[in-house]
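**Q** Right, I'll just put the structure down here and ask away after.
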Amino acid sequence: MEGLRILDLTTVLMGPYATQILGDFGAEVVKVESPTGDVIRQIGPARHKEMGPLFMNVNRSKRDIALDLKQEDGRKAMLRLVERTDVLVTNIRPKAMARLGLSYEELSAINPRLIYAALVGYGQTGPYAARPAYDDLIQGGSCISHSFTRAGKEPAYVPAAVADRIVGIAANNAILASVLERERSGKGQKIEIPMFETMVSMILGDHLGGLTFDPPMDAGGYSRHLSRDRRPYKTMDGYVCALIYNDGHWQRFFDEIGRSDIPQSDGRFASFANRMANIDFVYASLGEIILTKTTAEWLEVFRKADVPAMPMHSFESIIEDPHLVETGFFQSVDHPSEGKLRQMAVPVSFSRTPAKVKRYAPRLGEHGPEILSEAGFSDDEIAELQRNGTLHCTKEDQ
């Protein structure tokens, strides 16, 4: 994606994650922040103010400019940047963008080839259009929390920003499709990527179930995913994650533990269909069996039986996972201001054009003067923007 210019007007996780991937894939990404900065800069622990790990892990491969877009000079500077931009990505609510004079209609008049990607909470033709949205709300609204109750548990959120991350990836798909279309038509367009609808589509792909039919055949839900005992199995000394799924898996597993007779003696284990129909019993029974050996012993059993299995990692133990160590997934890097850091590699591999981290996560406003200079601003213009408070720069750049 080298040569593709992206203006990143996003904050928190959903948008920044999307644009980080684009940057890792070679795009030139300029993150535009307010003078106070993206709020997740403040989430620690941190060695220096406004450089927390959550921020650094979704904002690498970008340059940074801090502009006060509420000032007219800031808006004018933004318009000049838009003139040479391929894609503008924003998760600022549409009405706020309009108040800033940065709506699609206004910007496309300046740059008809502009792709304007709006990451929104909800589709803009429905009654929720103007509402704010965060990951927690969307997890609950898209049936993730309900799925816990269907599994016999208290309603909960997945303890990760899964909606932000998934919708960020969906945004990239839409952006790249639009870039491809523009290569054919020569015209830009506005695309909207709603969190709510995107997550409902994903979750109900698994769980619409009998509600797929009219009239409904059941109350929805994929029974295997909703089984109370679908979870890491407790061993004698910890936990192990395994999925004994198809007939071959089960037969080899029973052979390894010396119980080849079970599929014949208990019809509930005899076939895929029978196991799915009795999934709660199957998982509960397996849980009792797994309690009889250590984690290491079970991993060896599963390896011999060619059954998919993994240890249940912690945030600390994952760093020592032998596969990730061998593939170099965690890399030690020296950040110019934050010192030695652990960085995750780009997970996707390309045989001919490998993706790579272009630069480390930027300090607030770190590249402002050079970005404006490239857009045709004179030294005097840049100095005036700094003097009147429109352009914020790090101390090293002032």
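**Q** Take ARG113 and ARG5, extend 7 Å from each Cα along the Cα→Cβ direction, and tell me the distance between the two endpoints in nm.
**A** Placing both labels 7 Å beyond Cα along the Cβ direction yields 0.9 nm.
**Q** Restrict the search to segment 16-104; then list the GluC sites (Glu not before Pro) that DSSP places in a loop and that have at most 14 other Cβ atoms within 10 Å of their Cβ.
**A** GLU83
**Q** What size of dipole, in debye to the nearest 20, comes out for segment 233-311 about its Cα centre when the only charges are +1 on Lys and Arg C-beta atoms and -1 on Asp and Glu C-beta atoms?
**A** On the way: 8 positive and 11 negative charges, 19 e Å.
For segment 233-311, the charge dipole is close to 100 debye.
**Q** Can you tell which of MET202, GLY44, GLN20 lies farthest toward the positive end of the dipole of the chain, using +1 and -1 charges on the Cβ of basic and acidic side chains (Lys, Arg; Asp, Glu)?
**A** With unit charges placed on the Cβ atoms, the residue in question is MET202.
**Q** Kirkwood hydrodynamic radius, segment 233-311, all distinct C-alpha pairs: what's the number in Å?
**A** Hydrodynamic radius (Kirkwood, Cα pairs) of segment 233-311 is 12.6 Å.
**Q** What's the center-to-center distance, using Cα atoms, between segment 296-333 and segment 240-258 in Å?
**A** So the separation of the two Cα centres works out to 19 Å.
**Q** Got a sec? How would LEU291, LEU137 order by Cβ neighbour count within 10 Å, fewest to most?
**A** LEU291, LEU137
**Q** On a 0 to 90 degree scale, rounded to 10, what angle separates helix 295-305 from the longest Cα axis of the chain?
**A** 80
**Q** How large is the charge dipole for the chain, taken about the Cα centre, if only the Cβ atoms of Lys, Arg (+1) and Asp, Glu (-1) carry charge, to the nearest 20 debye?
**A** Working: 46 positive and 53 negative charges, 65 e Å.
Using Cβ point charges on Lys, Arg, Asp and Glu, the chain gives about 320 debye.
**Q** Can I ask one more? Could you pull out every one of the aspartates and glutamates with an alpha carbon less than 17 Å from that of LYS187, ignoring same-chain neighbours closer than 8 positions?
**A** GLU83, ASP86, GLU105, GLU106
**Q** Using just the C-alpha positions of the chain as equal point scatterers, what log10 of I(q)/I(0) does the Debye formula give at each q in 0.06, 0.11 1/Å?
**A** -0.33, -0.94
**Q** Between the helical axis of 279-290 and the dominant principal axis of the chain, each derived from Cα atoms, what acute angle in degrees is found, rounded to the nearest 10?
**A** Roughly 80 degrees between the two axes.
**Q** Then there is this: Suppose the chain between PHE315 and ARG268 were pulled fully straight at 0.36 nm per residue; how much longer would it get relative to their current alpha carbon spacing?
**A** Additional length available on full extension: 13.2 nm.
**Q** Please give the peptides 144-151, 361-368 ranked by average Cβ packing (other Cβ atoms within 10 Å per residue), highest first, as a rough proxy for protection.
**A** Ranked from most to least packed, the peptides come out as 361-368, 144-151.
**Q** Which whole-number percent is the relative contact order of the chain (Cα, under 8 Å, 6+ apart)?
**A** Relative contact order comes out at 20 percent.
**Q** Under 18 Å Cα to Cα from LYS340, which lysines show up? Leave out anything in the same chain fewer than 8 places away.
**A** LYS49, LYS358
**Q** For the peptides 58-68, 99-109, what is the packing order when you average, over each peptide's residues, the other Cβ atoms within 10 Å and list the highest mean first?
**A** Ranked by mean Cβ neighbours within 10 Å, highest first: 58-68, 99-109.
**Q** Relative to the first principal axis of the alpha-carbon coordinates of the chain, what is the inclination of helix 72-82, with its axis defined by its Cα atoms, in degrees from 0 to 90 and to the nearest 10?
**A** Roughly 60 degrees between the two axes.
Where a number appears in this text, it was derived from the coordinates with a stated rule and is not lab data. Keep in mind the model is a prediction, meaning the values are calculated, not measured. Reconstructed Cβ throughout: ideal geometry from the backbone, glycine too, with neighbour counts over all protein chains shown.
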